Amino acid sequence: MSERITVAHPSARHYLAGSVTCPHLETHQQQPTDLGLGGIVTEDPSHFMVHEVPKYYPSGEGEHAMALILKCNRTTEEAVSAIAEASGLSVGEVGYAGRKDKKALTTQWLTFPTTPERLTSNDPEVQLLCCAAHRQKLRLGHNVGNTFSILVSHVTYPERLPDALARMRRGIPNYFGQQRFGRPWYERRPIEGYSPPMSPEGVILQDPDNPSRDNVDRALMFLDRAAEARSLKRLKGKQKRDIKLALSALQSALFNLWIGERIHDGLIHEVIEGDVCRKIEGGTFYSTEPQIDTERLRRGEIVVLGPMVGPKLFPAQGLAKQREERLYEEWGLNEQRRGGLAKAWRGDRRPSLLIPRHLSASSEVAIGGQTNVRLSFTLPSGSFATAVLGALIDPLSDRFERSNL
């Protein structure tokens with residue numbers, strides 16, 4: 001097992017999937033070339049299509065307009081601005097369930113505090129598909145998930161597709177992806193008390209495994225300032241959103257590290273004593289018979305739930321609790337810091353394995369002789385297609401990234 005992380009310096013905090021302490025699935029019996037298909041996913045939007053599955057549809061009455069939009073090569077924030085500005089509305093009043101990829105062809109639902117007839121867009125890459133009245137503003141997480149259709153081109157080993165699909169159906173680590181951690185903020189919005197690592201020439205040094213680690217650093221600083229932690233509700237607009245993003249990044253980082261340690265210790269497909277588990281068709285329980293529950297996990301009857309730290313987190317027990325508490329201790333996340341998280345995140349549990357639903361794939365030989373694979377699947381809210389693509393293309397690579405070819 002690799003040396004454990006410390007809190008000595010921000011650069012020691014490798015918490016993004018694929019880094020030293022957050023590896024992809026490891027195996028001593030197979031090499032990377034025995035597992036993955038190879039290939040690339042380009043930045044062409046038509047190669048990466050996403051359709052949001054909402055928790056509910058417009059009610060047909062109310063003070064808001066709920067619109068289904070189609071955007072291409074635009075972030076969710078850019079799409080919101082295009083409609084809000086053209087419709088004479090404030091960007092801050094727009095509601096959405098989650099952000100969607102920029103280099104993609106995506107649909108998603110938005111709400112606006114106006115009538116449907118008033119909505120329009122000033123950007124040809126942001127289209128209004130349909131709109132109706134609705135009672136309330138959409139909030140983050142108000143979606144069931146997303147359905148993806150993704151083209152993997154220049155596949156090296158198409159004959160491995162059946163085995164790769166079978167492996168993904170057993171479940172892959174449910175890491176939070178890069179987009180969960182936001183973009184680096186210190187160059188645009190420096191704050192007192194934080195100095196990122198600098199070269200002798202005065203250039204900011206960025207950890208290649210962890211380009212947005214500063215959001216996590218800022219969360220820890222915020223939690224150390226008790227007065228600020230108590231005043232989160234008094235923050236407004238962008239300042240409040242930035243702090244909530246930082247706290248979310250901290251929560252996500254710790255979950256990723258928890259998964260990384262399970263992989264290092266050969267426990268990602270195992271249940272240990274005291275694990276918090278959930279039946280696929282039932283309730284939550286503590287594991288008191290790990291061997292029996294491990295077999296249930298492998299049959300797809302239950303899932304192991306990892307910690308999304310917060311003061312109201314449903315605690316693990318026994319050995320599982322010891323492992324979680326050790327992780328918090330190494331990060332210096334004491335009770336005071338955890339209590340500060342209550343202002344934004346109360347605490348929750350998240351499945352350790354991601355199992356794509358409705359997973360299917362078809363292959364074709366394209367012009368030039370290369371093989372392409374079109375992959376379709378549905379993921380629950382808060383999960384990332386990049387994890388599925390990494391497992392398909394090269395499950396032992398440092399990190400999945402799209403190609404600019």
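Each reported figure results from applying straightforward, stated rules to the coordinates on display, with no laboratory input. Bear in mind that the values here come from a model prediction, so they are computed numbers and not experimental data. Virtual Cβ from ideal backbone geometry, glycine too; neighbours counted across all protein chains shown.
Among 335, 85, which comes first, then next, by fewest other beta-carbon atoms within 10 Å?
Ranked by crowding around the Cβ, least crowded first: 335, 85.
Separation of region 85-115 and region 313-362 by C-alpha centroid, Å?
Each part's Cα centre sits 30 Å from the other's.
R0 = 22 Å: FRET efficiency of residue 319 with residue 279, Cβ-based, nearest 0.05?
0.55
Can you sort 44, 293, 265 from fewest to most other Cβ atoms within 10 Å of each residue's own Cβ? Can you show the working numbers first?
Values: 44 17, 293 22, 265 12.
Ordered by Cβ neighbours within 10 Å, fewest first: 265, 44, 293.
Tell me, 269, 358 in order of fewest to most beta-carbon neighbours within 10 Å?
Ordered by Cβ neighbours within 10 Å, fewest first: 358, 269.
Rg/Rh for region 56-140 to two decimals, with Rh computed the Kirkwood way over all alpha-carbon pairs.
0.92
Could you pull out the pairs from 71/240; 55/240; 244/279; 71/100 whose alpha carbons sit more than 20 Å apart here?
Details: 71/240 27 Å; 55/240 26 Å; 244/279 31 Å; 71/100 9 Å.
Checking Cα-Cα distances, 71/240; 55/240; 244/279 exceed 20 Å.
How much length, in nm to one decimal, is gained on full extension between residue 336 and residue 53, taken as 0.36 nm per residue of separation minus their Cα-Cα distance?
Result for the pair: 98.1 nm of gain on full extension.
Just the Cα atoms of region 272-405, one point each, no solvent: what log10 I(q)/I(0) does Debye give at q = 0.20, 0.21 Å⁻¹?
At q = 0.20, 0.21 Å⁻¹ the computed log10 ratios are -1.25, -1.30.
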